[in-house]
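Below: the structure, in structure tokens.
The values are calculated or read from the model by the stated rules, or taken from the named source; none is laboratory data. Since this is a predicted model, take the numbers as computed values, not measurements. Every residue, glycine as well, gets a Cβ built from its backbone with ideal geometry; the counts of neighbours run over all protein chains shown. The area values use the complete protein model at the heavy-atom level, side chains included, leaving out ligands, DNA and RNA. Shrake-Rupley method; radii C 1.70, N 1.55, O 1.52, S 1.80 Å.
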Amino acid sequence: MGELEQSPVRIREKIRADAKLGKASTPTIIPHSRAYFQRLVGSSLGKTELGDFVSGPCKAHIEALLRWDPAVGFGLALLVAGGHSTISELVELGERPKADVVTAYEWLADRGDRFSQIAGVEIGIRSIATHPSIEGSLIRMIEEIRDEDVTADDSRFALTASLFVLVDGELSRRNLMLDEPPYWRRLAALAQASMFERELVLSHVQIESFSQWATMGRGGDFLVQALADLRVEPRWLPNFMSPERLKDEAISRIVTAGNRLEDNEGSEKLRALLKGDGEEGLRARVKFPMSYLPGPLEGKTIPAMELPAELVDDLRGEKDSETLDSQSLAGLVNSALVFRITEEHSRLAGEALKKVRHQVAMGNSDGESFALLVGLATVAAVTRAPELSKDVRILARVLRRRPGTHFDVDALIRVGLIASAANPELKAWCESVGAWFVEIAQEEMTAEDAFGLRQHLRKLCTVVPDLWPYVGKADAALAAVAQAA
């Protein structure tokens, strides 16, 4: 009976009952059961690459859901398919009765969560020739996604982001699936967050209050876990889980799906939405680079686009220059997650920094300095360049000693964890992270900052226990400062 209680259908019923009462119990929303999440999205079966999971265990899971119950199974399959476009490719409407398909899409447009709607649009576009009667629901969902104000109190994308942070942070806090690949845990978190979103929409509760509660509840756990995950999947950063970024991803996925629409398929209005260049079309909403950044399951996905030749030439020129301006590196750091960056590119950036002894000309803005550090740290991470990672630490030291420059200690540790992801091997990663913590712990800081940083450090060590021997000195130093207040 206990196992039966940990099924997606039963958990959905519990969430629905609580939502109708206007309450949310964390154990109900996020079951403490690995088996539950395997039933929700399919077992990873040890697949460390997203593509291998999709073509193997995930495909079998989707097929089993659709065989089991075409209606309920379709709804559950959409929870999984919302995570990535390659998963939605596995869901086929096939020869299902047209009336059933129309009913399913009307329900999806009325009550579906945002990411299930995205998957539903992708599936519907592929099937529009055989199921033209779903077009009205498709247009309605596309227009709602296009027109949503992500800054509004009732933003659905803001709700999705908040619920994802809650679920992923709670899974990390419980150390429930630390041995699973990050992409799989995030897929499980997104599916569970989407299930809860459906019930909130159905119950007509105040979305804003739930969004605030969810983010405040597990934001710190989510952040630390996401930064630790960079060692394994270095391309997805925690700040990408924002309503703005989620909307950009949704539009990008729908536009990509729309490119497959034949000129004789769908109405003129649908084709204008998906393929038109006018202001009403989605193509006008595609933004560079935001629409091309990786999604939460794409932390190891290498972009297909090559780094533009002019940016490579600029890098080679800076390597031989006697001075180095922050704008000279802007092209590289802004492209690190959009284009394919290689070891050669990171080597050129490192050589340029060494030649000028890490003295980079830039304005007095702390934001500009921090953006440069994050960008170079990201380049080091995605190219697995330990030497550039060390250069980032030296540059951070040089920049924070400049008069008038101030970096928040949490921000510095974020840079350090991104840069340390240049080391995929656990021991080398621990050494790099330990060096950052020890150095920053010796800086002047308030007792409040020391306490907060120590909390992050200890949380990080619960995620990666092997880190303890490398951060013991930092922990002691931070404890001394925190207790001196």
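A few comments on the model shown:
- Paramagnetic label zone (point 7 Å from Cα along Cα-to-C-beta, E310; backbone N under 17 Å) in segment 268-288: 288
- Here D466 and A371 are evaluated by their C-beta separation; at R0 = 35 Å the FRET efficiency comes out at 0.65.
- Convex hull volume per residue for the chain, taking Cα atoms only, in Å³: 157 Å³
- Accessible heavy-atom area order of E268, E122, E310, E439, highest first, probe of 1.4 Å: E268, E310, E439, E122
- Inter-probe distance in nm under a simple model that places probes 7 Å from Cα toward Cβ, at E439 and Q483: 2.8 nm
- Extension gain, D154 to V398: 0.36 nm times the residue separation minus the Cα-Cα distance gives 83.5 nm.
- Sequence of Y36, Y292 when ordered by accessible area, the most exposed leading, probe 1.4 angstrom: Y292, Y36
- Heavy atoms of H32 accessible to a 1.4 Å probe, total area in Å² rounded to 10: 120 Å²
- Extending 7 Å from Cα along the Cβ direction at R340 and again at W68 yields two label points whose distance is 3.9 nm.
- Structure-based [θ]222 nm, the chain - -39500 (n - 2.57) summed over DSSP H runs of at least 4, per residue, nearest 500: -20500 deg cm²/dmol
- Prolate/oblate/rounded label for segment 196-275 (Cα gyration tensor, a/c 1.5): oblate
- Rg over Rh, two decimals, segment 44-194 (C-alpha only, Kirkwood Rh): 0.98
- Degrees between helix 98-111 axis and first principal axis of the chain (Cα, 0 to 90, nearest 10): 40 degrees
- Computed over neighbours whose Cβ is under 10 Å from that of K300, the net charge equals -2, Lys and Arg +1, Asp and Glu -1.
- In the complete set of protein chains, residue-level accessible area for T48 is approximately 80 Å², probe 1.4 angstrom.
- Using a probe of 1.4 Å, the accessible surface attributed to H456 totals some 60 Å² when neighbouring protein chains are kept in position.
- R347 versus E279: modelled label distance in nm, points set 7 Å from Cα along the beta carbon direction: 5.1 nm
- Summarising the amide proton neighbourhood of R340: residues at separation of 5 or more, or on other chains, whose placed amide H is nearer than 5 Å comprise M305, E306, L307.
- Whole-Hz couplings from phi, Karplus 6.51/-1.76/1.60, listed for segment 421-426; x for Gly and Pro: 5, 5, 10, x, 6, 4
- Protein-only accessible surface order, largest first, of S432, S85 at 1.4 Å: S85, S432
- For V232, residues with placed amide H under 5 Å, excluding near neighbours: none
- Angle in degrees between helix 409-420 and the longest Cα principal axis of the chain, rounded to the nearest 10: 80 degrees
- Environment charge at S389 (Cβ cut-off 15 Å; Lys +1, Arg +1, Asp -1, Glu -1): +2
- Nearest-ten-degree value, helix 447-463 long axis tilted from longest Cα axis of the chain: 60 degrees
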